[in-house]
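Each remark here refers to the structure printed beneath this line.
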Amino acid sequence: MVKIKIDGIEYEVDEKKNLISAAKDVGVDIPFFCYHPKLSVVGMCRMCLIEIEGIPRLQVACNTKVTEGLSIVTKSDRVIEAREGTMEFLLANHPLDCPVCDKAGECQLQDNSFKEGKGNSRFTLEKRNIPQEEIGSNLIINHNRCIVCYRCVRFEEEMVGESNLGLFERGYHSIIGLAKEEPINHNYQGALADICPVGALLNHKTLFKSRVWWYKSEESVCPGCSTGCKTYTNVRDNKMFRYMPRIDEEKDQYFLCDKGRFNVDWLNTNRLFSFYKNGETSTSSVVLDEISEKISKSKKIAVIGGAHESDQNLKFIKETLSKLGVSFVTEARVSSEQYKEPEQVDFQYTTDKRPNTKGAIDAGFVSAEGIDSIRSSAAKGEFDLIFVIKENVSEILAGVPSESIVVLETNLTDDVTKAKYSVPIKAYSEQSGSFTNKKGWTQNFNKSMEAPKGLSSTAEIFSLLEKKTLELRSNTREAAVGNR
């Protein structure tokens, strides 16, 4: 830590951070466009101009090293005038189409224009007009909105490891465009749209779907893989529209991959709302009563899956199983990737596509035998009941009689109609809890959607089964005593 002065006030800041980030930590906002804490510094936008004591000319904050005794001014007349000039040049050719731009409401150009710009424009000539292009499988570019901050080019080269974009022409004619004939097809097209500080890069999948101020947002965690990226959920009319990255500089979390970001359809469509028995819709009383009766007569049961469940649900399920007085085995690891350290597919996405494998291991929701041994025992009929929590039954328990299988699912799948019993459960977004990621970080997520009335979590289902099973045993004992 070092001591620096900002606008005459002394602060203690982290010398390892960029000056913009260090100033933000102590509550001083320095406006910027091209700077990003995970990308190289280029100083292209000239928005972060400041005065430095002892230096006659204005300097860019993003390229100023934090050192002991540094003294800067962020609000002088010179700085304000320079920022107004920068904004005037950036807006000279920018179309005034905020009402139809998807970035409206979360646009840095809007924010800086209101805070740092003037209320009028001296530009009277016709603005340039370049047709927008499709440059990716899920990405379009509106050249007229682009302020040539170079963020997208740097992100691809430095984070993704590809060079699909480049800067072409000079001066007034400068544009960002494809540097190759093939369109962009990597896993971070959503991140490209995020990292663009204006509405130049946009995704087809979310284009014109909703206004940002209509969303109800909650802090959450991406359920797409074991990385456990922090997110904000964007919900409207109780439907999940998108995930947005929740930046955590301390844990080096800034981006979301497309596989996690756009994996929202399963929360909005094809949901399982009915109980099933023998492939036909049934009622909760019939299904839960019959399952409880089977539990009361069981010698051994298995619970397979659970790596999609929260830490709290897993702990509660195991505690509930212990109270049933039945021999049981739990195993959340159903794929080979879960039995080893997750490998990186790219700089974010991992081979383990479940968010809470580490949490299941920490909660003891795993067995010494492993899934192969459990599968073999199941095929021999050694389990009276097998609960499968949000996993592919046909892959995990191929050849196992369906008479012993109880599926707990959020969506209507083929397995639901093939199992003896199927029970609808809440999705992670319909409850609060935590996931533990591959690094052992326990990260909380908040409830962001309302579950349909009557839908229960896995923990609530097992609680009901415990209650019904114990009542059934009690009634059986009382009946036996009465017969004597």
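For this structure, a couple of remarks:
- Condition met for R151 (touching a Cys at 6+ places or on another chain (Cβ under 7 Å) and either crowded, with 17+ Cβ neighbours inside 10 Å or in contact (Cβ under 8 Å) with a residue 24 or more places away in the chain (or both)): yes
- Output for the range 297-314, where each listed residue is free of Cβ contacts under 8 Å to residues at least 60 places away in the same chain and surrounded by fewer than 24 Cβ atoms within 10 Å (Cβ to Cβ): none
- Of the criteria (1) over 17 Å from L385 (Cα atoms); (2) free of Cβ contacts under 8 Å to residues at least 40 places away in the same chain, which one F273 fails: (2)
- Test: residue in the range 111-121 that is free of Cβ contacts under 8 Å to residues at least 24 places away in the same chain and more than 26 Å from D194 (Cβ to Cβ): yes
- Enumeration of residues in the range 228-246 that are assigned to a loop (DSSP other than H, G, I, E, B), touching a residue at least 12 places away in the same chain (Cβ under 8 Å) and out of contact with any Gly (no Cβ under 8 Å at 6 or more places or on another chain): G228, N238, R246
- I184 in contact with a Gly (Cβ under 6 Å, 6 or more places away or on another chain) and of a type in the set (A, V, I, L, M): yes
- Residue in the range 172-182 that is in contact with a His (Cβ under 7 Å, 6 or more places away or on another chain) and assigned to a strand (DSSP E or B) present: yes
- Residues in the range 90-100 that are within 24 Å of L58 (Cα to Cα) and either in contact with a helix residue (DSSP H, G or I) (Cβ under 8 Å, 6 or more places away or on another chain) or open to solvent by 30 Å² or more (accessible area, probe 1.4 Å) (or both): L90, L91.
- The condition (being farther than 30 Å from N263 by Cα and crowded, with 22+ Cβ neighbours inside 10 Å) is satisfied by just one residue among F328, F365, F387, F383: F383.
- Among the residues listed as S434, S402, the single one being of a type in the set (S, T, N, Q) and open to solvent by 20 Å² or more (accessible area, probe 1.4 Å): S402
- For the range 437-455, the set of residues classified as part of a strand (DSSP E or B) and open to solvent by less than 20 Å² (accessible area, probe 1.4 Å) consists of Q443, F445, listed by residue number.
- Test: H143 is assigned to a loop (DSSP other than H, G, I, E, B) and touching a strand residue (DSSP E or B) at 6+ places or on another chain (Cβ under 7 Å): yes
- Number of the exception - M47 against (1) outside any helix (DSSP H, G or I); (2) among the hydrophobic types (A, V, I, L, M, F, W, C); (3) surrounded by fewer than 14 Cβ atoms within 10 Å (Cβ to Cβ): (3)
- Flag if P56 is within 32 Å of the chain's Cα centre (by Cα), more than 25 Å from D248 (Cα to Cα) and either surrounded by fewer than 14 Cβ atoms within 10 Å (Cβ to Cβ) or modelled with pLDDT of 95 or more (or both): no
- Against the test of being within 17 Å of K438 (Cα to Cα), at pLDDT below 95, open to solvent by 20 Å² or more (accessible area, probe 1.4 Å) and in a loop (DSSP other than H, G, I, E, B), the options E250, E341 yield a single qualifying residue, E341.
- Whichever residue in the range 101-135 is among the hydroxyl-bearing types (S, T, Y) and assigned to a loop (DSSP other than H, G, I, E, B) and, among such residues, is least open to solvent (accessible area, probe 1.4 Å): S121
- Within the range 257-274, being touching a Gly at 6+ places or on another chain (Cβ under 7 Å), in a loop (DSSP other than H, G, I, E, B) and open to solvent by 40 Å² or more (accessible area, probe 1.4 Å) holds for one residue alone: N263.
- Within the range 59-89, considering residues that are free of Cβ contacts under 8 Å to residues at least 60 places away in the same chain and touching a helix residue (DSSP H, G or I) at 6+ places or on another chain (Cβ under 7 Å), the one surrounded by the fewest Cβ atoms within 10 Å (Cβ to Cβ): E84
- Per-region count, the range 209-252, residues of a type in the set (S, T, N, Q) and either touching a Cys at 6+ places or on another chain (Cβ under 6 Å) or under 19 Å from E309 (Cα atoms) (or both): 5
- Of all the criteria given as (1) open to solvent by less than 20 Å² (accessible area, probe 1.4 Å); (2) under 25 Å from F262 (Cβ atoms); (3) among the small types (G, A, S), the one not satisfied by S163 is (1).
The values are calculated or read from the model by the stated rules, or taken from the named source; none is laboratory data. Keep in mind the model is a prediction, meaning the values are calculated, not measured. Glycine gets a Cβ as well: all are built from the backbone with ideal geometry, and neighbour counts include every protein chain shown. The protein model used for the area step is the full one, side chains on, heavy atoms only, and it has no ligands, DNA or RNA in it. Shrake-Rupley method; radii C 1.70, N 1.55, O 1.52, S 1.80 Å.
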